[in-house]
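Structure, as C-alpha cells:
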Amino acid sequence: MRTFHDTPFRLFIIGDTQTGKSNIYKRITRPDDPYWDNTIKPTRAVNLLTKYDLLQNRIVKIQVWDTRGSRILESLPLLLFKVAQGFLLVFDITNRESFKNIPYWLQDIQRDAQKDVEKVLVGNKCDLEEQRQVSYEEARLFAEKHHLKYFEISAKTGESVDCALKALEKAVLESLEERVAKEEAAECGKEAEKSLFERVKSLFYSVLKGKVELVKVFKSALVTFALMGVAQLLLRIF
C-alpha cells in the first residue's frame with residue numbers, strides 16, 4: 001500500500017568549499033543530463049530543490065538544500081540546520097583538508113540540529129582516482145567510528161549519487177516511523193491510563209452512591225423504630 005507524506009524530508013548538503021556540493025545538487029536535480037559544466041559558481045547562500053520519490057512503497061516529498069561551504073559567517077545555513085532531518089556530509093577525496101574538516105561540520109550539526117538527525121558521509125570526485133589523498137579504508141573507518149554510512153560518489157559521472165541520497169532518505173523515513181510508533185505507543189499508554197482512571201472513578205462513585213443509599217435506609221429504619229416506640233408508649237398510657 002502506498003502512502004503519501006506531505007511533510008517534506010529536509011536534507012542538507014554540507015561540507016567545505018570546492019568539494020562539489022553544488023555539482024551533487026545539480027546531479028540530483030538533473031540525474032540524466034549528459035552535459036557537465038566545470039565552471040559552476042560556488043553557492044552564495046542556499047539553493048533548494050523539491051521533488052517526490054518512491055521510497056519503501058511510499059511517496060515522499062524531498063527537499064534538498066545546497067549550502068555554501070564557508071564555515072565563516074555561516075549564520076543562515078546554521079539557522080536552517082534546526083529544521084533539517086538529514087545531512088549529506090561531503091568531502092573531496094582529492095583534498096585531504098576537506099576530510100580533516102568533517103569533524104567540525106559534525107560539531108555544527110550536534111550544536112545546531114535536532115538530536116536524532118540522520119547523517120551520511122560522502123567522498124566526492126571518485127572519478128579522480130589518480131589524485132586521491134584520502135583512502136577508502138580511512139574514510140570508511142572514520143564513518144564507522146561516528147556511526148555514519150559512507151559512499152564514494154562522482155557528481156561528474158553520477159556514480160552512486162542516487163545511492164547516497166536514497167540511503168539518507170531511507171534513514172530519515174525509518175527514523176520518522178520509529179518516532180511516530182513511539183508517540184502512538186505513548187498515546188495508547190495515556191489512553192489506557194485514562195480508561196483505568198475512569199473505571200476506578202466510576203467504581204468509587206458507585207460505592208459512594210451505595211453508601212449514601214445505605215445511610216438513607218438506616219436513617220429511615222431508625223425513624224420507623226422510633227415511631228413504633230412512641231406508638232407503644234402511647235398505647236400503654238391510654
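So, R0 is 25 Å and r is the distance between the beta-carbons of residue 157 and residue 53; what FRET efficiency does that work out to, to 0.05?
Details: r = 21 Å, r/R0 = 0.85.
E between residue 157 and residue 53, to the nearest 0.05, is 0.75.
Exposure proxy check: 10, 27 ranked by fewest other beta carbons within 10 Å? Mind dumping the intermediate values first?
Values: 10 20, 27 23.
By the 10 Å Cβ count, ascending, the order reads 10, 27.
Between residue 166 and residue 107, how many nm apart are label points set 7 Å from Cα along the C-beta direction?
About 3.6 nm separates the two model spin labels.
Using all Cα-Cα distances in region 3-184, what percent lands in each 10 angstrom bin from 0 up to the longest?
9, 39, 37, 12, 1, 0
Distance cut-off 25 Å, Cα to Cα: go down the list 82/156; 115/149; 61/82; 115/156; 82/182 and report the pairs above it.
Numbers: 82/156 30 Å; 115/149 18 Å; 61/82 18 Å; 115/156 33 Å; 82/182 22 Å.
Beyond 25 Å: 82/156; 115/156.
At 7 Å along Cα-to-Cβ for each site, give me the label-to-label distance between residue 188 and residue 83 in nm.
Computed distance between label sites residue 188 and residue 83 equals 3.3 nm.
For region 3-184, what is the percent of antiparallel DSSP beta bridges, rounded to the nearest 5? Numbers along the way, then the final one.
Numbers: 10 of 34 bridges.
Antiparallel bridges: around 30 percent, rounded to the nearest 5.
Every number in this text was worked out from the coordinates using simple rules, so none of it is lab data. Everything numeric here is computed off the predicted structure, so don't read it as measured data. Here the Cβ is made from the backbone with ideal geometry for all residues, glycine too, and neighbour counts use every protein chain on show.
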